[in-house]
Amino acid sequence: MSRKDVIARQREEFIEDEGVIFLDNVSKSYTSGSPALDGVTLHIDRGEFVFIVGDSGSGKSTLIKLLLRELTATSGAVYVMGQNLARIRHRQIPKFRRNLGVVFQDFRLLKDRNVYENVAFAQRVIETPMSEIRRNVPLILSDVGLAGKYKSKTTSLSGGEQQRVALARALINNPSILLADEPTGNLDPKNSWEIMNLLEDINARGTTVVVVTHSKEIVNAMKKRVVTMRKGVIISDEEEGSYIDDED
Ligand code: ADP
Ligand code: MG
């Protein structure tokens with residue numbers, strides 16, 4: 001191995017040690033105004049459960065989009081699973097995203113398809129053999145409590161059920177990381193709790209979970225790590241944290 005290779009390897013090992021997610025002094029500007037993220041450094045270890053909280057406009061969704069490689073940083077570096085996302089080529093992005101499951105506030109299901117097809121679709125995209133898809137989909141639907149609904153059109157489901165379909169779809173390919181951007185934003189408290197309990201189960205089985213939320217009650221009850229953002233900056237990062245109101 002050449003000296004250059006050794007240095008590259010050492011650098012990679014260093015990044016691995018930084019955890020499954022590492023933002024190194026990351027800024028993101030959309031326009032010439034104040035940046036959406038302004039010098040954010042954040043480490044998340046394998047297997048962690050982290051809430052990201054903060055007022056609307058504080059940069060939470062921007063952070064999630066950077067992790068998904070939907071956006072690239074204006075400065076600084078974003079590493080996911082030891083990969084510098086600025087170095088990933090366009091055609092490698094789909095393969096990179098297989099490491100990630102993602103759910104959004106508005107579910108984003110295929111409206112003209114039933115529950116089974118919505119979940120199976122995620123496996124078809126990665127060319128999973130049909131026989132495996134037929135085995136995997138019922139198992140994951142049963143994990144999210146939807147075993148009996150696989151033939152239902154998603155438009156006939158309640159919000160809580162739709163989000164559980166979205167969660168099943170996010171998990172079917174066994175991602176290392178689950179990113180959820182306000183997954184309970186359209187749900188009542190009961191359904192919100194059900195989704196959070198599922199996220200906790202998923203985390204207990206080893207998936208790293210990052211959840212953006214406005215639910216003060218849930219954050220305060222769950223006693224997880226809480227990262228609080230304000231105007232593009234992390235203003236607090238606490239183990240067993242609580243929701244910090246930004247009004248005062
Ligand atoms: P949050 O998810 O915390 O509400 P966002 O990351 O969506 O915050 O937005 C952070 C800031 O960046 C806000 O000021 C928002 O208006 C701005 N912003 C977000 N997306 C865009 C965009 N596509 N173009 C221009 N500005 C944007
Ligand atoms: Mg947002």
Restrict the check to region 74-81 and report whether at least one residue is within 18 Å of Thr207 (Cα to Cα) and modelled with pLDDT under 95.
yes
Under the condition of being surrounded by fewer than 17 Cβ atoms within 10 Å (Cβ to Cβ) and of a type in the set (A, V, I, L, M, F, W, C), which residue from region 69-87 is farthest from Ile244 (Cα to Cα)?
Ala86
For region 26-45 the number of residues that are in contact (Cβ under 8 Å) with a residue 60 or more places away in the chain, exposed (fewer than 14 other Cβ atoms within 10 Å of the Cβ) and assigned to a loop (DSSP other than H, G, I, E, B) is 1
Check Gly145 against each of (1) farther than 29 Å from Tyr243 by Cβ; (2) more than 16 Å from ligand 1 (Cβ to nearest atom) and name the one condition it does not meet.
(1)
Quick check, is Arg69 closer than 30 Å to Pro35 by Cα, not in a helix (DSSP H, G or I) and not hydrophobic (A, V, I, L, M, F, W, C)?
yes
Considering only helices (runs of 4 or more DSSP H) wholly within region 76-159, the ones with at least 3 residues that are more than 30 Å from Lys28 (Cα to Cα) and charged (D, E, K, R) are 130-143
Does Asn191 satisfy the criteria of being of a type outside the set (D, E, K, R), closer than 23 Å to Asp45 by Cβ and away from ligand 1 (no atom under 16 Å from the Cβ)?
no
Extreme residue, farthest from ligand 2 (Cβ to nearest atom), among residues of region 170-192 that are in a loop (DSSP other than H, G, I, E, B) and polar (S, T, N, Q)
Asn174
When residues of region 195-228 are filtered for being in a helix (DSSP H, G or I) and either of a type in the set (Val, Ile, Thr) or buried (at least 18 other Cβ atoms within 10 Å of the Cβ) (or both), how many remain?
9
Flagged in region 239-248 as surrounded by fewer than 13 Cβ atoms within 10 Å (Cβ to Cβ) and either in contact with an Asp or Glu (Cβ under 9 Å, 6 or more places away or on another chain) or over 29 Å from Val144 (Cβ atoms) (or both), in numbering order, are Asp245, Glu247, Asp248
Between a first residue in region 171-185 that is over 15 Å from Arg69 (Cα atoms) and a second residue that is part of a strand (DSSP E or B) and of a type in the set (Gly, Ala, Ser), which pairs have beta carbons less than 8 Å apart while being 6 or more apart in sequence or on different chains?
Leu171/Gly101; Asn173/Gly101; Pro175/Gly101
Single condition Leu167 does not satisfy, out of (1) modelled with pLDDT under 95; (2) part of a helix (DSSP H, G or I):
(1)
Within region 58-68, how many residues are surrounded by fewer than 20 Cβ atoms within 10 Å (Cβ to Cβ) and free of Cβ contacts under 8 Å to residues at least 60 places away in the same chain?
1
When residues of region 126-151 are filtered for being over 27 Å from Glu194 (Cβ atoms) and loosely packed, with under 15 Cβ neighbours inside 10 Å, how many remain?
6
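The values are calculated or read from the model by the stated rules, or taken from the named source; none is laboratory data. Bear in mind the structure is a predicted one, so any value in this text is a computation, not a measurement. Backbone-built Cβ (ideal geometry, glycine too); neighbour counts: all protein chains shown.
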